[in-house]
1. In vacuum, with every alpha carbon of segment 123-201 counted as one equal point scatterer, what does the Debye formula give for log10 I(q)/I(0) at q = 0.12, 0.18, 0.19 Å⁻¹? Two decimals, please.
2. Given points 7 Å out from each Cα along the Cα-Cβ axis, report the residue 158 to residue 50 separation in nanometres with one decimal.
3. If you stretched the chain out fully between residue 86 and residue 137, how much longer would it get, using 0.36 nm times the residue separation minus the C-alpha to C-alpha distance?
4. Students often check this: by mean Cβ neighbours within 10 Å, which of 154-163, 35-44, 88-97 ranks highest, and how do the rest follow?
5. Please work out the FRET efficiency for the pair residue 59 and residue 182, using the Cβ-Cβ distance as r and a Förster radius of 30 Å; give the result to the nearest 0.05.
6. If I model a spin label at residue 144 and residue 79 as a point 7 Å from the Cα along the Cα→Cβ vector, what separation in nanometres do I get?
7. Would you kindly state how much longer the chain becomes between residue 167 and residue 66 on full extension, computed as 0.36 nm times their sequence separation minus their alpha carbon distance, in nm to one decimal?
8. So what's segment 49-179 giving for Cα Rg divided by 2.2 N^0.38 Å, two decimals?
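Computed from the coordinates by the stated procedures, all read-outs in this text should not be read as laboratory data. On a predicted model such as this, the values are computed, not experimentally measured, just so you know. Counting neighbours? That spans all protein chains shown, and the Cβs are built from the backbone with ideal geometry, glycine included.
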């Protein structure tokens, strides 16, 4: 029996489908491989401060979809988004930022209770957070190869009537010596730590009347 011969057009289609299938499998394999997980550090507990009776609820932050997963975002240019190939956050970025704020504010010792849970005592205040940037960006040749950029707006609402109490934008950057996962995350740690050291005293002063706003 003569071998079945495919028309040239059909043969090209078959080859394209096969290539696409290989590409899909490759992408799935890449996504499925184990990545090192990284976490950032909240501010440490403070001692010898006067505790207020204030109760605070920390809402889940809002942030653009591009930075809202557990992957660490790298931006080669303002309009291009890539992912760090050898690392990820221990949890999705919105939850991670929320936990950092919650623990840092609780560690001030100035609140009777700070929680990110939807159940519990009725809060006096709600902290809303809009994260604009939580990413690393590649830099032009001649200096550090990359830097972490963390930018967010904190808004305090009075819970009893939803009144806006105060709102302020915070932004910090830190350079990374190379583009490896540990260097990039260390830059995030430096930038986020600097931002928390400014934002947490401001927020606690707004809500408890402590000095340092």
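1. -0.42, -0.73, -0.77
2. 2.1
3. Numbers: separation 51, 0.36 × 51 = 18.36 nm, distance 1.61 nm.
Net length gain for the segment: 16.8 nm.
4. Values: 154-163: 13.7, 35-44: 15.2, 88-97: 18.2.
With the highest mean Cβ count within 10 Å placed first, the list reads 88-97, 35-44, 154-163.
5. E(calc), rounded to 0.05, equals 0.45.
6. 2.7
7. Numbers: separation 101, 0.36 × 101 = 36.36 nm, distance 2.43 nm.
Length difference between fully extended and current span is 33.9 nm.
8. Normalised by 2.2 N^0.38 Å, the Cα Rg of segment 49-179 equals 1.22.
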